[in-house]
Amino acid sequence: MEYFPYENGALQCEGVSLEKIAEEVGTPFYVYSAGYLRERYREFYDSFEGCERIVCFAVKANSNLGVLGMLASEGCGADIVSGGELHRALEAGIDPKKIAYAGVGKTEDEMEFAINSGILMFNIESRQELDVLNKVAGRLGKKAPIAIRVNPNVDPKTHPYISTGLKKNKFGLPVEGVMDDYRYAAKLENIEVVGAHCHIGSQLTQVDPFVDATRIMVKLIRDLRKEDINIKYLDFGGGLGITYDDEVPPSMKDYAEALKKEIEGEGLTLVFEPGRSIAGNSGALVTKVLYTKQTEMKHFKIVDAAMNDLSRPTLYDAYHKIVSVKEKVEGKVTADVVGTICETGDFLAKDRELPDVQPGGYYAVLSAGAYGMTMASNYNSRPRAAEVLVDGDSYFIVRRRETYEDLTGPESIPAKYTK
Ligand code: LLP
């Protein structure tokens, strides 16, 4: 099914016209298709048919409560990296027994919150963290379930900023010494070793690095079992890429077939942490053209969304397709699509051939459902955009647009300056 079709002359999300949402909600706004999210989640889950598995959506990709609530209603779990994400996952109704907690810098408060919530497991990234978790669990009179995040030193062949499983990266514990780390963990009184975790990077467009990492993990799990350290959960992390432009990532089915072959007969429960592959192409950022400007060298489309709304182009030089919301627009233009922020790095596209949308018209920036709103900021004191979830013919405002009061509400002026 096509989730962003043109119908009656305008781009829709499922059965709802984006022009209609723009008029009623204002711009910029993020819009997500519940149907697409549901289909991708089910496809992921179903492609591992025959295996015990838990699919933990990576909350960092899209943490909107409405989106998480919809996924929770499908039985989805959560991969979290902070107390804030845990709070969101629980508020959304995600079963704590389906929550895996990664991150190199968990604080004692966050650990306590997660232990008391009864999460599935902590993915441990250092010995010091293990010691602190042991202490916190002891204080609470509980045992904390853990997996060790293994850095397998596999090249994911993706953007350097989103590679995580190389020796030089800060993540996990190096595979060479990890047997010792496990032996150490197994002796700690308030730690229960239950799993092994690895996440080698994001936006992977080949299956081989996943297979290489899985082989390393399976060998490790066998070695651990020989020493009576029994691993129940193998957590593969996330990382499956999507099509932004013309990339051809492996299908979920190919990815699943390749991994299944490696783990057959190991008696493991598989855990996955997909973010982008579920949410990336579920969403668009809709923005209005404010002005156009022709200089000697360039044509600019100045729009009301900016790098504070979608930072991926600025941060990673990432490509996002941009289309006109109105189906038929007269003329084409090669333009830089830029926001209103006072930085040259504030762009959504550069030298892009586009329908020549005039002020008052709308563009939709596609593939913005993952790492879009979650990386938005208030830079230049811009209230953050609204978020809308479409399901069939209905839409829901799942986050209202921020107001000026939201910007200054948490701040205060020391009394001595206001006399
Ligand atoms: N699990 C762990 C431990 C992770 O660190 C990540 C992503 C995921 C799962 C989800 O990966 P995914 O399936 O979405 O590839 N801001 C960047 C992406 C950073 C990804 C960080 N970790 C971007 O906009 O491309």
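Residues that are under 30 Å from THR214 (Cα atoms) and more than 16 Å from the ligand (Cβ to nearest atom) are absent from the range 335-344.
Taking the criterion of being away from the ligand (no atom under 14 Å from the Cβ), part of a helix (DSSP H, G or I) and either under 29 Å from LYS135 (Cα atoms) or of a type in the set (A, V, I, L, M) (or both), the residues of the range 72-97 that qualify are ALA72, GLY83, GLY84, LEU86, HIS87, ARG88, LEU90, GLU91, PRO96, LYS97.
Considering (1) touching a Leu at 6+ places or on another chain (Cβ under 9 Å); (2) under 24 Å from PRO209 (Cα atoms); (3) crowded, with 21+ Cβ neighbours inside 10 Å, the lone condition that ILE146 does not fulfil carries the number (2).
Here's the yes/no breakdown for (1) touching a helix residue (DSSP H, G or I) at 6+ places or on another chain (Cβ under 8 Å); (2) buried (at least 18 other Cβ atoms within 10 Å of the Cβ):
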| position | (1), (2) |
| --- | --- |
| TYR233 | no, yes |
| GLY237 | no, yes |
| PRO274 | yes, yes |
| HIS299 | no, no |
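Only residues that are under 14 Å from the mean Cα position of the chain (by Cα) and of a type in the set (A, V, I, L, M, F, W, C): list them for the range 58-75, please. Those that are under 14 Å from the mean Cα position of the chain (by Cα) and of a type in the set (A, V, I, L, M, F, W, C): ALA58, VAL59, ALA61, LEU65, VAL67, LEU68, LEU71. The residue that is farthest from TYR316 (Cα to Cα), among those in the range 150-184 that are among the β-branched types (Val, Ile, Thr) and touching a helix residue (DSSP H, G or I) at 6+ places or on another chain (Cβ under 8 Å), is VAL178. Taking first residues from the range 210-229 that are within 27 Å of PRO274 (Cα to Cα) and partners that are part of a helix (DSSP H, G or I) and among the acidic types (Asp, Glu), the Cβ contacts under 7 Å between residues at least 6 apart in sequence or on separate chains come to VAL211/GLU262; THR214/GLU262; ARG215/GLU262; VAL218/GLU262. Inclusion of ILE115 among residues that are hydrophobic (A, V, I, L, M, F, W, C), part of a loop (DSSP other than H, G, I, E, B) and either away from the ligand (no atom under 14 Å from the Cβ) or in the same structural domain as GLY369 (by TED's automatic domain parsing) (or both) is not warranted.
Within the range 161-169, is there a residue that is within 22 Å of SER277 (Cα to Cα), of a type in the set (Phe, Trp, Tyr), modelled with pLDDT of 95 or more and within 12 Å of the ligand (Cβ to nearest atom)? No - not one qualifying residue is present in the range 161-169. Filtering the range 41-77 to residues that are touching a residue at least 40 places away in the same chain (Cβ under 8 Å) and within 22 Å of LYS261 (Cβ to Cβ) leaves GLU43, PHE44, SER47, PHE48, GLY50, CYS51, GLU52, ARG53, ILE54, VAL55. The requirement of being of a type in the set (Val, Ile, Thr), part of a strand (DSSP E or B) and not assigned by TED's automatic domain parsing to the domain that holds ASP309 is satisfied by ILE54.
The values are calculated or read from the model by the stated rules, or taken from the named source; none is laboratory data. Since we're looking at a predicted model, the values are computed, not measured. Note that each Cβ is placed from the backbone with ideal geometry, even for glycine, and that neighbours are counted across all protein chains shown.
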